[in-house]
1. State, as an integer percentage, the relative contact order of the range 190-279 based on alpha-carbon contacts under 8 Å between residues 6 or more apart.
2. Give a residue-ordered list of calculated ³J(HN,Hα) values for the range 157-162 (Karplus: 6.51 cos²θ - 1.76 cosθ + 1.60, θ = phi - 60°; whole Hz; x for Gly, Pro).
3. If exposed GluC sites (Glu not before Pro) are those in a DSSP loop with at most 11 other Cβ within 10 Å, what is the longest stretch of the chain that has none?
4. Could you tell me the relative contact order of the range 237-323? Use alpha-carbon pairs under 8 Å, at least six residues apart, and round to a whole percent.
5. Could you work out the relative contact order of the chain, using alpha carbon pairs under 8 angstrom and six or more residues apart, expressed as a whole percent?
6. In deg cm²/dmol and to the nearest 500, what is the mean residue ellipticity at 222 nm of the chain if only DSSP H runs of at least 4 residues count, each as -39500 (n - 2.57), divided by the residue total?
7. Can you list the aspartates and glutamates whose alpha carbon sits under 17 Å from that of Lys194, skipping same-chain ones fewer than 8 residues off?
8. Could you line up Trp88, Trp185 from fewest to most neighbouring Cβ atoms inside 10 Å?
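Laboratory data are not the source of any read-out in this text; all were calculated from the coordinates shown. A quick note: this is a predicted structure, and the numbers were derived from the prediction, not measured. Note that we place each Cβ from the backbone using ideal geometry, even for glycine, and neighbour counts take in every protein chain shown.
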Amino acid sequence: MNNRLSRFCAVVAILSANLLIPACDKPGDEVSTVEKVAMYEGQDRRERLLAGAKKEGSLSLYTSLAATTLEEFTADFEEKYGIKVNAWRAGDDKVLQRALTETKAGRFDVDVVHVVSVEMEALHREKLLQEVKSLHHKDLLPHAIPPHREWVATVLNVIVQAYNTDKVKEKPLPKTYEDLLDRKWRGRLGFEAKDQEWFFTVVKDMGEEKGLKYFKDLVARNGLSVRSGHSLLNNLVVSGEVPLALTAYVHMAEQAKEKGAPIDWFAIEPAIAVPIGVGVSKKAPHPNAAVLFYDYMISEGQAVRVKRRYVPTNRKYPSPLKNVQIKLIDPAAVLDENEKWVKLYDDIILKRSGQ
């Protein structure tokens, strides 16, 4: 199988290996300190968390955040609260594997995990995360909070269609996916190699039979230039090598556009979004600092992402997407149907595009 799907397959492989010995308390045990802290809803919650976090002094964060963004978050949090953030950064699947492996070994070093929703859902299934009742939940988009409430989306990586304004002069721009079947788009379309979750969601939204036929027709008729990495794809749109990208992150297109690059974007609705989630470990060694950081990420910390043109989940903060219908991927369905959809994506998109 194409190694570009390695991260997607690795998540399911890790779960299938049953790495984790569940880190939950036995029936009849007293409620853990972490649960007491996480579930407290009193009006003095923030003051209690801060006082406890000051005593703890620090927290441990495992994350896949980009280095620059991570530095901005940790600096902002440390300045606001005086609590040191000890961060370990790696790919989403590596973060998942480390958290599970450490738990099996009886090591409980991590306080907070912040990765893509599929990995967050995997941690939930392995009983590693603690439900949190935050006063900030009421400010979030309803679909940012899964029913079990053991992780919550902090930001949305919204996938839109980006184009080079010098290379694409056609107006109106495509309004539906069917518009992209027009021969004028032959050899002009780009695609990110790891966007199988987008493919999965779009096909499901179209209706499976119709959706699969659509992508087969698109690749056969107009072709797809598959590139590895959203940053690379965005840069290729800017350079004009890829006139139109089907799967571009809106924040990257916005950042480049604001710098004067010949790039703009539009959204074939519903725009598909990949949530990035945060969760507190059931065995967090610094529970007050962990829950304080959790609250920060869905409140004040949203300003850090908005500055970089990400789509926030807190409705108090402005979004670059206005009046655009958004549909989130379903991480549980992605995990449940992994084998089927990895094969379909590999056969229809990657192999037919010469990857």
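1. For the range 190-279, the relative contact order is 33 percent.
2. Coupling constants for the range 157-162: 7, 8, 8, 10, 9, 10 Hz.
3. 42-355
4. 24 percent
5. Relative contact order, the chain: 27 percent.
6. My calculation for the chain gives -12000 deg cm²/dmol from helical runs alone.
7. Within the straight-line cut-off, Lys194 pairs with Asp92, Asp93, Glu119, Asp330, Glu337, Glu339, Asp346, Asp347.
8. Trp88, Trp185
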